[in-house]
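Below: one structure, written as structure tokens.
The values are calculated or read from the model by the stated rules, or taken from the named source; none is laboratory data. Computed from a prediction, not measured in an experiment: that's the story for all the values here. Cβ placement follows ideal geometry from the backbone for every residue including glycine, while neighbour counts extend to all protein chains displayed.
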Amino acid sequence: MKFIILVGPPGAGKGTQAKLLQETLGLPQISTGDLFRFNLKNETELGQLAQTFMDRGELVPDEVTVAMVEDRLSMDDCAAGAILDGFPRTLAQARALDELLAKFGGKIDVVPSIEVPLDALVERLLNRAVLEGRADDNEETIRTRMQVYEDQTKPLLDYYGQKGLVSLVNGQQTIEDVQKDLVKVVEEATQPA
Ligand code: AMP
């Protein structure tokens with residue numbers, strides 16, 4: 001089982017890139033943000049639970065998120081692995097994922113980090129608010145999400161960096177060029193030495 005974990009601040013283009021990558025690699029893209037939004041739309045219990053956190057730009061508690069990912073990874077289409085987009089986002093989630101992968105017999109191949117400077121991100125997110133009408137793309141929530149990324153998600157780069165898994169990708173290029181760099185990084189990581 002192959003696992004690619006896309007890391008990057010909100011607005012770096014993880015979702016767009018993960019969707020493109022799934023066709024190239026033939027692996028499903030799993031976005032915890034999309035899974036939560038699906039539950040919210042369908043007014044499930046999980047959706048109701050997640051809503052207050054999402055509205056504030058805060059993270060949904062780890063136990064809830066990890067249980068949802070475990071369910072998703074148990075599905076047949078993940079038999080060969082997956083591209084994870086927006087998960088893990090905390091060290092506790094990263095450790096839980098290690099345990100899940102040990103159970104499923106999978107391993108993380110590479111953790112591409114899409115790099116975009118902070119000032120460029122706020123502008124991108126405000127534009128996305130207009131285009132996609134996402135409720136959590138308003139200025140106050142954006143600021144919280146950036147802070148959450150800095151405090152809780154960035155430490156993952158050290159966690160995976162120590163395992164030699166992180167590859168930096170320049171996110172300030174066209175969508176096509178970012179994708180090209182990502183494919184290269186994944187190919188390098190999965191080629192036999
Ligand atoms: P995203 O679409 O990835 O930006 O996620 C939107 C929102 O969903 C986040 O601001 C969080 O409230 C929630 N969320 C998504 N992924 C996670 C995660 N791995 N852990 C906790 N909350 C998450």
Residue identified as within 13 Å of the ligand (Cβ to nearest atom) and within 26 Å of G171 (Cβ to Cβ) among V64, V69: V69
Qualifying residue in the stretch 150-162 (condition: in a loop (DSSP other than H, G, I, E, B) and either among the hydroxyl-bearing types (S, T, Y) or in contact with a strand residue (DSSP E or B) (Cβ under 6 Å, 6 or more places away or on another chain) (or both)): no
Residue in the stretch 82-100 that is more than 22 Å from Q22 (Cα to Cα) and touching a Phe, Trp or Tyr at 6+ places or on another chain (Cβ under 7 Å) present: yes
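Conditions (1) surrounded by 14 or more Cβ atoms within 10 Å (Cβ to Cβ); (2) more than 10 Å from the ligand (Cβ to nearest atom); (3) over 14 Å from the mean Cα position of the chain (by Cα); (4) closer than 30 Å to T174 by Cβ, marked per residue:
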| position | (1), (2), (3), (4) |
| --- | --- |
| F53 | yes, no, yes, no |
| L59 | yes, no, no, no |
| A96 | yes, yes, yes, no |
| V122 | yes, yes, yes, yes |
Matching option when the condition is touching a residue at least 60 places away in the same chain (Cβ under 8 Å), loosely packed, with under 12 Cβ neighbours inside 10 Å and away from the ligand (no atom under 14 Å from the Cβ), among L118, L101: L118
Failed condition for G26, given (1) in contact with a Lys or Arg (Cβ under 9 Å, 6 or more places away or on another chain); (2) closer than 28 Å to G161 by Cβ: (1)
Q22 vs. criteria polar (S, T, N, Q), surrounded by 14 or more Cβ atoms within 10 Å (Cβ to Cβ) and away from the ligand (no atom under 13 Å from the Cβ): yes
Sole residue being more than 23 Å from E132 (Cα to Cα) and basic (K, R), chosen from K41, K19, K103, K14: K103
Hey, R56 of a type in the set (K, R), in contact with a Gly (Cβ under 7 Å, 6 or more places away or on another chain) and over 24 Å from I4 (Cα atoms) or not: no
Criterion (modelled with pLDDT of 95 or more and more than 30 Å from Q51 (Cβ to Cβ)) met by exactly one of D158, D151: D158
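If the requirement is being within 29 Å of T24 (Cα to Cα) and free of Cβ contacts under 8 Å to residues at least 60 places away in the same chain, which of these qualifies: V60, V111, V66?
V66
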Output for the stretch 25-51, where each listed residue is crowded, with 16+ Cβ neighbours inside 10 Å and in contact (Cβ under 8 Å) with a residue 40 or more places away in the chain: L25, L27, P28, Q29, I30, S31, T32, G33
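Among G106, G8, G81, which is buried (at least 19 other Cβ atoms within 10 Å of the Cβ), in contact (Cβ under 8 Å) with a residue 24 or more places away in the chain and touching a helix residue (DSSP H, G or I) at 6+ places or on another chain (Cβ under 7 Å)?
G8
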Qualifying residue in the stretch 105-117 (condition: modelled with pLDDT of 95 or more, polar (S, T, N, Q) and either in contact with a Cys (Cβ under 6 Å, 6 or more places away or on another chain) or not in a helix (DSSP H, G or I) (or both)): yes
